[in-house]
Each structure stands twice: as C-alpha cells, then as structure tokens.
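Single-structure report; data block below.
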Amino acid sequence: MKKVLATLAVLSLAACGGGAQQRSAPSPSAARLSTDTPKAKGEIDSFTWVIYAEPPILDYAYAFDYPQNQVLANVCESLMQWTPELKVRPGLAEKFEQRDPRTLVYTIRKGVRFHDGGELTADDVVYSLKRHLDPGVGSYWISTFRDVESIDKTGPMEVTVRFKQPYSLFNEQMATSAGTVVSAAGVRARGKEYGTADAGLDCTGPFKLGAWAKGQSITLDRFDGYWGERARSGKVTFTFVPDSAARANALVTGEADGSYMIPTTALAKLRASGTGTVYAGPNLTTMNLIVSDLAKGPLADLRVRQAISLALDREGLVKATLGEFSAAASVLAPAESWRNAASARPSAPQVERDVEAARKLVAEAGATGRKIVVAQSSIAPEFLVLANSLQAAGKEIGLDVEVRPVAPDAYTALFSDPKAREGIDLFPTSWYLSVTDPLSMYGLFQTGQFENYGGFSDPAYDELVVAANNEFDPARRAAITARLQEATAAQLPWIPIADIANTVFLNKRVTGAPTSIAYLYYPWAADIGAA
C-alpha cells in the first residue's frame, strides 16, 4: 500500500498548508426519502409509463442501462431478487448455500413456468449464466464472472458455481441482469435475434413481452401463469420520449401515468399541476467526471485533477441541476451503498471550493494555459451545466477547457470504445451501482477492469480489492472498502460531484411503485394498481 499511503500523506500535508479544506459530506435527507408509494387498492386494466429512450435490445446479456432494465425487470427474473429496500432475497433460486469460499450452491424453485409454457429447469439456469462467458455473445456483464471456474448442474434442481478465488459479492450480483434466467430452448430458437422486436423473449416474470412498435412503444401483457403474486395491471405500455420537457408534458396531460428519473427542471411544473405526486427514494447513483487517460495529457498529473476538484462549485451545481433531493459529494460511492454494511459509513471529507489553491496546483504542475477537452452530451441537461461550470472554473485557475458536444450515440460509445475516448480528457456520467455495497464502485479501479476507463493502476490498490472481494465478513469487508475509498479520494481516477436521489411521478389514478433504484431489477410494474 506504499504508493497509496504516500499519496494520502501528501494530500494531508497540502490540506494543512491551506489547500483543500474538509468537512463532513451531507447526504440526501432520509426524512425526505421513502422506499415505496402507497399500496394499490385494487387492479387496473392498464397504465402507461414514459421513458427517455427506446431499449436497443432486450437481451439480458446487454441490459446495462436504464431503458432496457426498467422494462426487462418486469419480464425476466434472476436467481436472486433486489428488493425496494435495496436488500437481496431469493428469486428463482429458492435458497442458496455458500458451502465454502469458492463454492456457491443454488436450489432452483420448482413449478416456475416460462411465458411459452415450458417449465424452469436447472439446465436453463446453467445455460443462462454460461452465456455471459461466451465470447461470441459479448456480454456486458462479463466482469461479474471473471473469477468463475465452472457452472454446473449438480442435482435435479441444483446448480453449483465454483470460483478460481473467493468473490464475496457474486451472490449479490445474481439479483441483477447477470443472474437473469431465460429459457435455453427459447434463446436457441431465436438465435442472434433474441431480444429484438421481431424475435421477442421467453422469461418467467409477471409480465410477458407484447407488441413492440419500433420508435414508439413497448407493451407488456400480464402473465397469468406467473408463479408469484399476480400483477395488479393487465397491461403496461412504455412510450419513448427523449425530450425532458415533452416527458413532463405527457405526465401533466395524463398521456402517461408515471415515470422514473424525473428531470429537476420538471419538478415544480409537476407539483403545481395537481395531477399527481412526486416521490423521492434511495438511490445508488452519483454524478462524476471520468478521467479518460491517466497516463498522458494534463490530467496525468494528480495536481491538475486536484485543482479541478477544488475549483468546482459542487453546491452550486447541485442546486442548479440536481435539486433538493441530491447532495454534493467528494467520494465516489454513494452514501446509500453503505446502508447494508455491518459498520457505519466512514466519514467522507468534502473538498471546499478554493480557487486560489487550485490555481497554485495548476502552476506547480506546469499546466497553466494547457487545454483540457470535456465531452458534453444532450442526453442529460445537467451535463451541459456541468461542462459550462467546468469551463468557467478552468478559466479561473489557468486551464483552457474546451467543451466538445458529442451526439448521444457517440457519448454512449465513450463507455465501451477506447477509440471514442481519443481526444477527450474528461466526460460526465450519472453512474449507478447494481449492488448495495460500496465495493461494487471501488472494484472498478482494479487494474484491467472494463470500466477502468482512465487506466488507473496501483498494485497496492489491486491487492486491497482482491482482499475485499475475498472477505465474506461484512464488517471486515467494509473496513477494507473504507481504505479503497480513501485511496480514490486521494488519487481521483474519477472526480466525484454529487449523490443523486431517485425520483418518480405517479398521477392520481395509480399507485404502488417502489421509489428506490431497485426498479432496475425488481418487478415494480406488478405492484402498480388503482390508487
């Protein structure tokens, strides 16, 4: 840990010498957040839900973003289930047993049927999980399986996963799309077209895929053969409206009954309309600036990254773009990711804005006048505000910050294609975790990880990640993770901006939706019914 500790020591001395000042970071007020909306009083024929984009495909292997997941969560199910309280409970696996640190055994639930009428088997589970390991599939969830040695059927309704080395968060990951179970026969029959509008799906959830009108809507129909509690609505229609103002209008006019991820700019309008209620719930999402390349350019120097962090007006950004339910942050893992930890969340120092100290750091690094390119996308209005704020801050501290607009598809490519990041120094993200554990954030910066976009590499840091992954005792794992948090706060592979709460709007005729980010994997639409 020599390199990390040395960096921490340097930062501590800098703070004492009049640089960064620290105070405890606030988090969204728990008193203003709720896990659920009022329970439904009865069934309804249908409801309409508006989302900001059409899913490109509904194959669980590529379900790595909001539009795909909030549709799929109601159609397909996983071995485990993420609850509205952001805990994990049995799903299609009725129980699991960690027989030793490298052996995890799942007992598969009996009597579960796929939408085509076939019965769920252990073979379907093995097939579904192994698809992530197939290079020909190219699963976006491959990192979850990096330590998996084998996945085998070991009994009539039993599946055993063996690991090369212990991985304490694997069972938590089985509540995400990484743990989704589909009909092996259904996927084979559909081939490469599986999950498209023409080929469809074959899953076990409370709804089955209905009509998919490309560019317009996706309809889900209640599955009456569902093994669990019957959905309260006979049909759900998802409409795609990229423009945030148009989405708000659809909610005000009643064209849509509800939506997640309400833009801050629409909150006042929706509240004033009297047509429904805005709720806020626990989230695992943060806004950050991702450093594209830590090996070259001005940002390869830690002092420049520190300077940008010091120069940003986080409080102003939160107030201007993210609203009352969000809070400035100086660490990468959201506060809510610690909610299930056996120990209290470690104190998170917040960097106070200090333009003078930032200017000195830029000068010391010999970076005065150097250009930094930040990507800006129309995919989220707050990204433009952040980019413009960064440009203004750069001018104050001696950096030439160029804001480079990129199309939505080009912005998406920044997360998967290194060539797309060429010429870009920073790009903004609203990054969500799929596991309620801060290690799922800090593990991203292990050498060679897919999401380690800037190429951060520190052998001592890697050793801590391995130690945390191998630790099944929650308190000890949390203690190791706290050290990882300190290290990333010191070295800034990404620059943290804010914790973001989850928002949902429901009009007066419907209720029951969970308010937490669990809607990405939990069958939330089945809970919605008559208000």
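The figures follow:
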read-out: Residues of the range 312-344 satisfying the condition of being of a type in the set (D, E, K, R) and free of Cβ contacts under 8 Å to residues at least 60 places away in the same chain; value: Glu315, Lys319
read-out: The range 121-145 - residue that is in contact with a Lys or Arg (Cβ under 7 Å, 6 or more places away or on another chain), open to solvent by less than 30 Å² (accessible area, probe 1.4 Å) and in contact (Cβ under 8 Å) with a residue 40 or more places away in the chain and, of those, farthest from Val466 (Cα to Cα); value: Val137
read-out: Near pairs, Cβ below 8 angstrom, 6+ apart or cross-chain, from the range 50-78 (touching a residue at least 24 places away in the same chain (Cβ under 8 Å) and in a strand (DSSP E or B)) to any residue that is of a type in the set (Val, Ile, Thr) and surrounded by 21 or more Cβ atoms within 10 Å (Cβ to Cβ); value: Ile51/Val71; Glu77/Thr180; Glu77/Val181; Glu77/Thr204; Ser78/Thr176; Ser78/Thr180; Ser78/Val181
read-out: Qualifying position, being surrounded by 20 or more Cβ atoms within 10 Å (Cβ to Cβ), on the phi < 0 side of the Ramachandran plot and of a type outside the set (A, V, I, L, M, F, W, C), among Pro459, Pro493, Pro474; value: Pro493
read-out: Hits in the range 246-255 - residues which are in a helix (DSSP H, G or I) and either out of contact with any Pro (no Cβ under 8 Å at 6 or more places or on another chain) or among the charged types (D, E, K, R) (or both); value: Ala246, Arg247, Asn249, Ala250, Leu251, Val252, Thr253
read-out: Leading residue by the ranking (nearest to Gly423 (Cα to Cα)) among those in the range 444-456 that are small (Gly, Ala, Ser) and open to solvent by 40 Å² or more (accessible area, probe 1.4 Å); value: Gly455
read-out: Top-ranked residue in the range 90-101 [being open to solvent by less than 100 Å² (accessible area, probe 1.4 Å) and without any contact (Cβ under 8 Å) to a residue 40 or more places away in the chain; ranked as farthest from the chain's Cα centre (by Cα)]; value: Asp100
read-out: Total residues in the range 374-387, condition closer than 17 Å to Leu289 by Cβ, open to solvent by 30 Å² or more (accessible area, probe 1.4 Å) and not acidic (Asp, Glu); value: 4
read-out: Selection count, the range 170-186, where residues are more than 14 Å from Ser78 (Cβ to Cβ) and either touching an Asp or Glu at 6+ places or on another chain (Cβ under 6 Å) or crowded, with 24+ Cβ neighbours inside 10 Å (or both); value: 3
read-out: Scan of the range 400-433 for residues that are open to solvent by less than 20 Å² (accessible area, probe 1.4 Å) and not hydrophobic (A, V, I, L, M, F, W, C), ordered by number; value: Tyr411, Pro428, Thr429
read-out: Residue check, Val355 farther than 25 Å from Tyr411 by Cα and touching an Asp or Glu at 6+ places or on another chain (Cβ under 8 Å); value: yes
read-out: Selection within the range 209-245 - of a type in the set (Gly, Ala, Ser) and either modelled with pLDDT under 95 or outside any strand (DSSP E or B) (or both); value: Gly215, Gly225, Gly228, Ala231, Gly234, Ser244, Ala245
read-out: Residues of the range 132-156 satisfying the condition of being more than 22 Å from the chain's Cα centre (by Cα) and among the basic types (Lys, Arg); value: Lys153
read-out: Failed criterion for Leu289 (all others in (1) touching a helix residue (DSSP H, G or I) at 6+ places or on another chain (Cβ under 8 Å); (2) of a type outside the set (Phe, Trp, Tyr); (3) more than 23 Å from Arg359 (Cβ to Cβ) hold); value: (3)
read-out: Wholly within the range 423-529, helices (runs of 4 or more DSSP H) carrying at least 1 residues that are closer than 25 Å to Ala387 by Cβ and touching a residue at least 40 places away in the same chain (Cβ under 8 Å); value: 439-442, 474-491
read-out: Every residue from the range 44-89 that is within 18 Å of the chain's Cα centre (by Cα), surrounded by fewer than 16 Cβ atoms within 10 Å (Cβ to Cβ) and small (Gly, Ala, Ser); value: Ala53
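The values are calculated or read from the model by the stated rules, or taken from the named source; none is laboratory data. Just so you know, these numbers come straight off a predicted model, no measurement behind them. Positions of Cβ are generated from backbone atoms using ideal geometry, with glycine treated the same way; all protein chains shown enter the neighbour counts. Heads up: the accessible areas ignore ligands, DNA and RNA and are worked out on the full protein's heavy atoms, side chains in. Shrake-Rupley method; radii C 1.70, N 1.55, O 1.52, S 1.80 Å.
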